[in-house]
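Taking it in order: structure first as C-alpha cells, then the write-up.
The values are calculated or read from the model by the stated rules, or taken from the named source; none is laboratory data. For clarity, every value in this text was computed on a predicted model and none was experimentally measured. Backbone-built Cβ (ideal geometry, glycine too); neighbour counts: all protein chains shown.
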Amino acid sequence: MTGFGERVRRAPALAAGMALLCLWTACGGGSSSTTDNSQKPGFPNHVTLTPATVSINKGGVTSLTAQVQDINNNVVANQTITFTSSNTAVVSIANSGLVCGGTWDSLTTPVVCTPGPAGQAQVTAKAGSLTSPPVTVFVHDRVDNITVSPANLSGCLSNAQTQQFTAQAFANGQDITSSVGSFFWQTTNQTVVTVNATTGLATAAAPGRAGIFASVGTVNSAPVNFDTCAVQAISTHVQNGTDTTVTLAAAATAQLASDVTDSAGVTIPSASLTYNSSAPAVATVVAGGLISGIAPGTATVIASCTPPSCNSNLGRAVYGNPITITVTGTANSTTVLAASSAGTSMVPIDTSTNTAGTAITLPSAPNSLLINPAGNRAFLGSAAGLMTVDLTTNGVSQVPQVPGKVLAISPDGVKVIVSDVAGGRVRVFDTGSNLVETFIIGNAISADFSPDSFKAFIAAGNTLFVYSPQLVLSNVPPLPVAPRSVAFLDQGSFAYVAGGSASAITVRANCDNSQRDTLATPGTATLMASLPNATQMLAVDSPGIDVITPAITASTSGQQCFPNLNEALVSRDFGQGGFNATQILTTLDSSRAFVLSNKPSILVYKSADKTTSTIPLANGATPLTGGLLVDGSQMYVGASDSNVHRIDLGANTDAQQISVGFVPDLVAVRPK
C-alpha cells in the first residue's frame, strides 16, 4: 500500500510539471520542436528489401538485402535493421538477413537450418518507424526438373513480335508449381530476344537464335530455341536515292543506306550490318555505310549480315548488292615488291621512278608473296616459317611454327591461311593476336575468303573444307574430282570451285555450303577469279577462259538458305593454243582480267564485250607473277628474263623492263 500511496501523492506534482511544460512549449496551438527530416536528403525515408520474391527448398538457405534510403534513394548508413517473418514455422530470418526455409538454431549466430513444412511467409525489414514492403518467401520440396511451354516454336518471330512462355516445376515427378512462386526467366542472348523476368513474355529483337529458360533457385530448365527471323535480303543504295554507283574525290564522303527484310518478308528497322570495301586503299567504309574516298581507283562495297553481330547463332551470312565506288584524281605512287623463290632478297620498286631500290634481306627463301588489302603488311611463306614485312618500316619478322605457302589473306587482314603440304597441315595465323590454329589438312592448294571475312573455303585433295573464325572447321562430302581452285563471287553469296566434278565448275552456297549448280566446261578449269563488281565469275580453261554470268534473285519467303541463283556460261579462246596458267588478275573497275601462263604474252580478257587479246613481253620473256595498280593503269610482272616488266595498260604495251638481278617469280603491288 505504501507504494500505491506514494504514486498518488506524486500525481499533483507531476500534473504541475506537465502544466509548466505546456507553458514552455505553447501547448494547444504553438509550434513543436520535433522536426520530420524524412523528406530531406541524408535522412531515413524508406526501407528496401530485395529480392522481391524468394524461392528456396525446405532447409535451404539464402539471403535478403535490406537498406535504409533517403528521399533520393541514397543509402543512409549506420541504421539498425530488424527482420520479421509472418510464418516462423515455414521461414525464419536471422538478424543478418539470412533466410532459412525452416527454423534457425539461432537468430544472432545462425548455423543450422532445420527444414520445416512447405508454405510461404511474408518477410519485412524495419528500421526505426520505417517498414519495408513485404517480400514473399516460398518454401517447397527440392525442385529437380523444370519444363517450359511451348517446348518448340514453329517458325520464327519478326522484330517486336511476342511469345508467352509458361513453366512447371517438379519434385520427384510431382508437379509443385503452385508452391514455388514466380519463375525467373532469362535469355541466352538479349540482343536476339528479351524476356520479362517474372512473366515469361519474350519479345523478338535482332535476327538470330537464342535460348529462353526458366529458373527456380539454382535449377534451370532446358533452353527453348527462339528464332528472331533471319535477315533474308539486303538492298543497298545511296542514301536518299536509288543509285548503286558513287563517284567522289579523295577525302570526300558518301552515305549508303540498306533496306533489310527478314525471312518472313518483314522489314527490319535497324539490322546490324557490316560494310566491306574490296579495296580499302581506294575507299574505306565504316559501320553505318559511310564511305570515304582515299585514292584514285575503283572499289566495290558490299553490305552483309554477318554473325555474330547479325543472324547470331544461325551460322549463315547474307549479302547485299554490290555498290561501285569510283574515286577520282591523280594516282599516288606505290611500291612493287619482287622476290625469288631461289634467294633471300626482296627488292622494292618505287612506281614514281620505276627503279629498283635497296634489297630487303629475308630470313628464308620464300615460296609465296601476298600483301594484305590495307597495304601495310606483306606475307611470305617459306619452309622455315611465315615471314611478315612491315611495309612502313620494311622490318621483317618470322613465325617458325607456321611453315608453308600462303594461300589467302582475309579481307579484313586478320587471318592468313598457310598450307604446309609437307607436314599435312593447314595453319591459320591471326595477325592481331599472333595465335595459330592448326588443322590436319593435307595437300591444300587453294583458299579464298568471303568479302566479310566470315568464311573461307579450302580446296585440299578431294575435299572442300570450310573454315570460319565463328564456326567449327567442317567439310563437304568428298568430291569425285579434286578441286583445283576456289573463289568466292565478290558479292559473297556463292563460291565457285574449279573441279569437284569432271570437266565442270561446281557452285556452293555460302549460307549452308550446299552445292547449288554444276556448269560443264570445254576443258579443265584451273584458276578462278571474280570480277570485283560480281557481274562475272571467270575460270581459266586452256586454251581460253570460261565466263559465268550469275543472276542472283531473292528467295521465297521462309526459305532457309538463300538467295536463288541462275547463271550462264560461255567460253572464249585466247588464240594462243594450250597453256599452263600461273595467275589470274582482275582490275578493280572489273573491266579486264589478265592471265599469266607459260606463254610469252599476257592473255587479256575484256569483260564488256567478252573479247580476248594479248600483250607480248619484251625479250620473249615468260611472265611469272604480278600485280596491278589500284587505278588499273599499270601492271608489273616478274618474268623469266630477270626483269620486272611494267605494262602500260592504256597502250597495252610492255613499256619498261626493270632489272632486279634475279628471276622475280614472286611479285606483288602494294595497294596504296
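Of all residues in segment 122-140, those that are without any contact (Cβ under 8 Å) to a residue 40 or more places away in the chain and among the charged types (D, E, K, R) total 0. Out of Ser468, Ser453, one residue alone is closer than 29 Å to Val336 by Cα, touching a strand residue (DSSP E or B) at 6+ places or on another chain (Cβ under 8 Å), of a type in the set (Ser, Thr, Tyr) and outside the structural domain of Thr306 (by TED's automatic domain parsing). It is Ser453. In segment 224-242, the condition of being among the polar types (S, T, N, Q), outside any strand (DSSP E or B) and in contact (Cβ under 8 Å) with a residue 40 or more places away in the chain is met by at least one residue.
Going residue by residue through segment 488-496, is there one that turns out to be of a type in the set (Ser, Thr, Tyr) and under 29 Å from Asn313 (Cβ atoms)? Scanning segment 488-496, I find at least one residue that is of a type in the set (Ser, Thr, Tyr) and under 29 Å from Asn313 (Cβ atoms), so the answer is yes. Each residue in segment 243-269 was checked for being outside any strand (DSSP E or B), over 30 Å from Arg209 (Cα atoms) and touching a residue at least 24 places away in the same chain (Cβ under 8 Å), and 4 of them qualify.
For segment 213-233, filtered to residues that are surrounded by fewer than 23 Cβ atoms within 10 Å (Cβ to Cβ) and of a type outside the set (Gly, Ala, Ser), the residue that is nearest to the chain's Cα centre (by Cα) is Asp227.
Does Val486 meet the test of being of a type in the set (Val, Ile, Thr), under 22 Å from Arg572 (Cα atoms) and within 24 Å of the chain's Cα centre (by Cα)? Spelling it out, Val486 is indeed of a type in the set (Val, Ile, Thr), under 22 Å from Arg572 (Cα atoms) and within 24 Å of the chain's Cα centre (by Cα). Annotation note: Cβ proximity below 6 Å between a residue of segment 512-540 that is crowded, with 24+ Cβ neighbours inside 10 Å and a residue that is hydrophobic (A, V, I, L, M, F, W, C) and assigned to a loop (DSSP other than H, G, I, E, B) (sequence gap 6+ or interchain) occurs for Ser530/Leu489; Ala534/Leu489; Met537/Leu489; Ala539/Ala525.
Being under 46 Å from the mean Cα position of the chain (by Cα) and β-branched (Val, Ile, Thr) holds for only one residue in Val99, Val91, and it is Val99. Need the failing condition index for Val547 against (1) within 25 Å of Leu588 (Cα to Cα); (2) free of Cβ contacts under 8 Å to residues at least 60 places away in the same chain; (3) more than 30 Å from the chain's Cα centre (by Cα), just the number. All conditions pass for Val547, except number (2). The set of residues in segment 427-446 being without any contact (Cβ under 8 Å) to a residue 40 or more places away in the chain and assigned to a loop (DSSP other than H, G, I, E, B) consists of Gly432, Ser433, Asn434, Leu435, Ile440, Ile441, Gly442, Asn443. Among the residues making up segment 499-513, a single one is assigned to a loop (DSSP other than H, G, I, E, B) and charged (D, E, K, R): Asp512. Screening segment 105-169 for strands (runs of 3 or more DSSP E) wholly inside it with 1 or more residues that are within 43 Å of the chain's Cα centre (by Cα) and at pLDDT 95 or above returns the ranges 135-140, 145-149, 162-164.
Among the residues of segment 629-654, what is the count of those that are farther than 22 Å from Ala295 by Cβ and free of Cβ contacts under 8 Å to residues at least 40 places away in the same chain? So the count comes out to 9.
Yes/no matrix, rows are residues, columns are (1) under 27 Å from Met387 (Cα atoms); (2) in contact (Cβ under 8 Å) with a residue 40 or more places away in the chain; (3) surrounded by fewer than 16 Cβ atoms within 10 Å (Cβ to Cβ); (4) not charged (D, E, K, R):
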position	(1), (2), (3), (4)
Ile294	no, yes, no, yes
Ala299	no, yes, no, yes
Ala317	no, yes, no, yes
Ala342	yes, yes, yes, yes
Val347	yes, yes, no, yes
Gly357	yes, no, yes, yes
Pro363	yes, no, yes, yes
Asn372	yes, yes, no, yes
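Check whether at least one residue in segment 141-159 is farther than 25 Å from Ala214 by Cβ and in contact (Cβ under 8 Å) with a residue 24 or more places away in the chain, and report yes or no. No, the conditions are met nowhere in segment 141-159.
The set of residues in segment 175-189 being modelled with pLDDT under 95 and surrounded by fewer than 14 Cβ atoms within 10 Å (Cβ to Cβ) consists of Ser178 alone. Residue count for segment 346-366 satisfying the condition of being outside any strand (DSSP E or B), out of contact with any Leu (no Cβ under 8 Å at 6 or more places or on another chain) and on the phi < 0 side of the Ramachandran plot: 8.
Just one of the listed residues (Ser446, Ser450) is buried (at least 22 other Cβ atoms within 10 Å of the Cβ), within 27 Å of Ala279 (Cα to Cα), within 19 Å of the chain's Cα centre (by Cα) and of a type in the set (S, T, N, Q), and it is Ser450.
Candidates Ser352, Ser333, Ser340: the one that is hydroxyl-bearing (Ser, Thr, Tyr) and more than 30 Å from Val285 (Cβ to Cβ) is Ser340. Among residues that are over 17 Å from Gln69 (Cβ atoms), among the polar types (S, T, N, Q) and surrounded by fewer than 18 Cβ atoms within 10 Å (Cβ to Cβ), Thr131 is not included.
Inside segment 32-88, residues that are outside any strand (DSSP E or B) and under 30 Å from Gly116 (Cα atoms) make up a count of 11. Here Ser659 clears all of (1) hydroxyl-bearing (Ser, Thr, Tyr); (2) under 16 Å from Gly343 (Cβ atoms); (3) touching a residue at least 60 places away in the same chain (Cβ under 8 Å); (4) surrounded by 17 or more Cβ atoms within 10 Å (Cβ to Cβ) except the condition numbered (4).
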